[in-house]
Amino acid sequence: MQTDTNKLFPIFLKLEELKVLLVGGGNVALEKLTAIINNAPAAQVHVLAKEVFPQFAEAAEQLNNITITVAEYEPHYLDDCDIVIAAVNDIPLSKIIRDDAKQKGKLINVADKPELCDFYLGSIVTKGNLKLAISTNGKSPTVAKRLKEIFNELLPDELDEVLNNVQQIRNKLKGDFQNKIHQLNELTKVLIDEK
């Protein structure tokens with residue numbers, strides 16, 4: 001029996017209904033911002049950085065839901081956010097931000113420091129309304145990225161049409177919850193049937 005398993009609890013956040021504080025304005029912060037915007041295009045992101053790289057500023061300029069404050073980190077910046085992502089190339093500062101976030105009851109992700117994180121940003125596969133999150137428990141973002149590429153290639157784009165059709169069928173089914181589940185299971189068996 002393997003004892004070292006991934007015990008993370010996967011959730012999908014309605015990020016467009018939450019306020020995000022992204023601390024940092026460099027390349028890693030740009031990766032985090034890109035992940036946020038690719039998955040939740042209307043998310044409100046407040047960026048706090050003592051320096052903003054030109055590529056970061058250029059990307060953020062094109063979005064009207066990104067606010068940038070050029071300043072040193074201070075704990076009061078955590079007051080008006082729900083989630084914190086720290087992407088600073090400064091381990092002592094990352095630890096301070098994490099401690100302040102914990103004290104204020106905020107969830108935090110610290111880039112490249114799994115031991116300081118409450119949550120990780122996994123690799124995401126999206127096919128219309130289907131979204132899969134891949135986690136390696138912080139051990140190998142490279143493996144997660146490769147799996148994302150495989151799933152993107154293997155899963156057909158038509159899956160969104162299948163989801164829409166199954167939703168229409170589900171809405172027309174009669175009976176109690178158990179009966180509906182049974183009927184949907186029978187209908188969707190064709191998706192895995194080898195014949």
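The values are calculated or read from the model by the stated rules, or taken from the named source; none is laboratory data. If you're wondering where the values come from, they're calculated on a predicted model, not measured in any experiment. Here the Cβ positions follow ideal geometry from the backbone for every residue, glycine too, while neighbour counts run over all protein chains shown.
Structure data summary
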{"read-out": "Lone unmet requirement of (1) charged (D, E, K, R); (2) in contact (Cβ under 8 Å) with a residue 60 or more places away in the chain; (3) touching a Lys or Arg at 6+ places or on another chain (Cβ under 6 Å) for E72", "value": "(2)"}
{"read-out": "L184 vs. criteria of a type in the set (A, V, I, L, M, F, W, C), assigned to a helix (DSSP H, G or I) and under 20 Å from F9 (Cβ atoms)", "value": "no"}
{"read-out": "Single unsatisfied condition, K139 versus (1) among the charged types (D, E, K, R); (2) within 29 Å of K180 (Cα to Cα); (3) modelled with pLDDT under 90", "value": "(2)"}
{"read-out": "Any hit, the stretch 106-125, residues being free of Cβ contacts under 8 Å to residues at least 12 places away in the same chain and farther than 20 Å from V20 by Cβ", "value": "yes"}
{"read-out": "Within the stretch 39-144, strands (runs of 3 or more DSSP E) holding 3 or more residues that are under 16 Å from the mean Cα position of the chain (by Cα)", "value": "83-86, 107-110, 123-127, 130-134"}
